[in-house]
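Participant: Quick one: the structure is below, and I'll ask about it shortly.
The values are calculated or read from the model by the stated rules, or taken from the named source; none is laboratory data. Computed from a predicted structure; not experimentally measured. In this analysis, Cβ positions are derived from the backbone assuming ideal geometry, glycine residues included, and neighbour counts consider all displayed protein chains. Keep in mind that these areas ignore ligands, DNA and RNA; they rest on the heavy atoms of the full protein, side chains included. Shrake-Rupley method; radii C 1.70, N 1.55, O 1.52, S 1.80 Å.
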Amino acid sequence: MTQAPRPPLPWTTRISVAVASAVTDAARRSNGTVNRRLLSLLDARSPASAKPHRGVRSADVVVDPARHIWFRLFAPSDSAAAAGEPFPVIVFFHGGGFAFLSPASRAYDAVCRRICREARALVVSVNYRLAPEHRYPAPYEDGTDVLRFLDRGGLASAGPAAADLSCCFLAGDSAGANIAHHVARRWAAGAGWERVRLAGMVLIQPFFGGEERTEAELRLTGVPLVSVERTDWMWRAFLPEGADRDHEASNVFGTRAVAAELEAALPEAMVVVGGFDPLQDWQRRYYEGLRSRGKAARLVEYPDAIHAFYAFPELKQAAALMEEIKRFVDAHRSPAK
């Protein structure tokens, strides 16, 4: 039997990903539920901080207390922010298979601080409802509601940094990137938007799938974080009861897709793929699906990268991705900004 290839990782990263895998495996039950009490003990969290840390301050903003929808706003705290310079807005959706983590999770708090600092943008990190308690389409609805909140001036009292909502991006990793795609389609198909204009999508290793087992899923067994067994559980927990992985939420350009064409206003996408990510075939198919439907898209590949690589700052690919995000945002800023 051929041994699956092993990604080149420092021992510190190997320990971190092993711990992350153990936490989610311990919290998910075979009956499709999540042990939230255990997860609350194992999911290390960071508070928002009005005091600047390395040039970034943060605050939590409530959108809908009844549904526990809120976001953590990350804003530059330098002289440009104090002077009221308008910054692009990146609305970010965290990963975790639709079932785990939050903007307060330590890794995502740190990641969004880095994006804010490196991309020179306001980052709105969304706390959406989690599966299996809240299945499809709950996070898509929550993300759209956060956009509506921003469109109605929800950032006006959030801090001194000014928001340029005419230069807004949707971003996310894994399940969060899946959410970003579906929220972008809802925005592009909607009407009555006054302030929010989507300039682009940053989809980091998006979580897509289907009933088919792809070459990468079969070949990359035993790699960190992602396995067929784990992703199958997550799809069962998220998709409607009785649905399979060819549902449009998962297999967005599959034979069951409701709409053959994409909305004219759907913005350009940057799709990030890792060479040691078992989901990579689905990610490339998504990129090819955008291009075949006439949509602008960029494919950014890191051959030695594992799933969620960018959350580990010790990896050189993580720094490289931050540079790519900055270039993508800069390329879509309006000329006057």
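Participant: Between residues in region 5-29 that are closer than 24 Å to residue 317 by Cα and residues that are surrounded by fewer than 11 Cβ atoms within 10 Å (Cβ to Cβ), which pairs lie under 9 Å by C-beta distance while being six or more apart or on different chains?
Facilitator: From region 5-29, the pairs are 6/222.
Participant: Being hydroxyl-bearing (Ser, Thr, Tyr) and either under 26 Å from residue 166 (Cβ atoms) or under 19 Å from the mean Cα position of the chain (by Cα) (or both) is the filter here; which residues of region 252-306 pass it?
Facilitator: 286, 287, 302
Participant: Has region 204-219 got any residue that is among the aliphatic types (A, V, I, L, M) and part of a loop (DSSP other than H, G, I, E, B)?
Facilitator: Start the filter on region 204-219 by keeping residues that are among the aliphatic types (A, V, I, L, M), which leaves 204, 216, 218.
Subset that is part of a loop (DSSP other than H, G, I, E, B): none.
Scanning region 204-219, I find no residue that is among the aliphatic types (A, V, I, L, M) and part of a loop (DSSP other than H, G, I, E, B), so the answer is no.
Participant: Select from region 76-90 the residues that are open to solvent by less than 10 Å² (accessible area, probe 1.4 Å) and over 20 Å from residue 319 (Cα atoms) and list them in ascending order.
Facilitator: If the condition is that a residue be open to solvent by less than 10 Å² (accessible area, probe 1.4 Å) and over 20 Å from residue 319 (Cα atoms), then 81, 87, 88, 89 are the ones that fit.
Participant: I'd like to check something: does region 310-333 contain any residue that is part of a loop (DSSP other than H, G, I, E, B) and hydroxyl-bearing (Ser, Thr, Tyr)?
Facilitator: Checked against the condition, which is being part of a loop (DSSP other than H, G, I, E, B) and hydroxyl-bearing (Ser, Thr, Tyr), region 310-333 yields no hits at all.
Participant: Moving to a separate point now. Only one of 252, 272, 228 is among the aliphatic types (A, V, I, L, M) and in contact with a strand residue (DSSP E or B) (Cβ under 9 Å, 6 or more places away or on another chain); which?
Facilitator: Being among the aliphatic types (A, V, I, L, M) and in contact with a strand residue (DSSP E or B) (Cβ under 9 Å, 6 or more places away or on another chain) holds for just one of 252, 272, 228, which is 272.
Participant: Looking only at region 9-28, decide whether some residue is modelled with pLDDT of 90 or more and open to solvent by 70 Å² or more (accessible area, probe 1.4 Å).
Facilitator: yes
Participant: Turning to a different aspect of this structure: Considering only residues that are open to solvent by 50 Å² or more (accessible area, probe 1.4 Å) and among the hydrophobic types (A, V, I, L, M, F, W, C), look in region 141-192 and name the one that is nearest to residue 75 (Cα to Cα).
Facilitator: Result: 156.
Participant: Name the single residue that is nearest to the chain's Cα centre (by Cα) among those in region 101-128 being open to solvent by less than 10 Å² (accessible area, probe 1.4 Å) and hydroxyl-bearing (Ser, Thr, Tyr).
Facilitator: 125
Participant: Any chance region 37-51 includes a residue that's under 30 Å from residue 119 (Cβ atoms), open to solvent by 90 Å² or more (accessible area, probe 1.4 Å) and over 23 Å from the mean Cα position of the chain (by Cα)?
Facilitator: Yes, region 37-51 has at least one match.
Participant: Okay, moving on. Of the numbered conditions (1) touching a Lys or Arg at 6+ places or on another chain (Cβ under 6 Å); (2) open to solvent by less than 70 Å² (accessible area, probe 1.4 Å), residue 60 fails exactly one; give the number of that condition.
Facilitator: It is condition (2) that residue 60 fails.
Participant: Can you list residue pairs whose Cβ atoms sit under 8 Å apart, with the first residue in region 111-136 being under 15 Å from residue 78 (Cα atoms) and the second being open to solvent by 30 Å² or more (accessible area, probe 1.4 Å) and of a type in the set (Lys, Arg)? Count only pairs 6 or more apart in sequence or on different chains.
Facilitator: 113/54; 117/54; 118/326; 119/326; 120/326
Participant: Now for a different question. Output the qualifying pairs, or none if there are none: Cβ atoms under 6 angstrom, residues six or more apart or on different chains, first residue in region 47-65 and within 15 Å of residue 102 (Cβ to Cβ) and free of Cβ contacts under 8 Å to residues at least 60 places away in the same chain, second residue outside any strand (DSSP E or B) and hydrophobic (A, V, I, L, M, F, W, C).
Facilitator: Note: pairs meeting the criteria are 58/48; 60/48.
Participant: Looking at the structure I just gave you, is residue 240 within 24 Å of residue 128 (Cβ to Cβ) and either part of a helix (DSSP H, G or I) or open to solvent by less than 20 Å² (accessible area, probe 1.4 Å) (or both)?
Facilitator: no
Participant: Just checking, which of 188, 177, 163 is under 16 Å from the mean Cα position of the chain (by Cα) and either part of a strand (DSSP E or B) or touching a residue at least 12 places away in the same chain (Cβ under 8 Å) (or both)?
Facilitator: It is 177.
Participant: Would you call residue 284 more than 30 Å from residue 135 (Cβ to Cβ), open to solvent by 30 Å² or more (accessible area, probe 1.4 Å) and at pLDDT 95 or above?
Facilitator: Spelling it out, it is not the case that residue 284 is more than 30 Å from residue 135 (Cβ to Cβ), open to solvent by 30 Å² or more (accessible area, probe 1.4 Å) and at pLDDT 95 or above.
Participant: If you go through region 216-237, how many residues are open to solvent by 10 Å² or more (accessible area, probe 1.4 Å) and in contact with a helix residue (DSSP H, G or I) (Cβ under 6 Å, 6 or more places away or on another chain)?
Facilitator: 4
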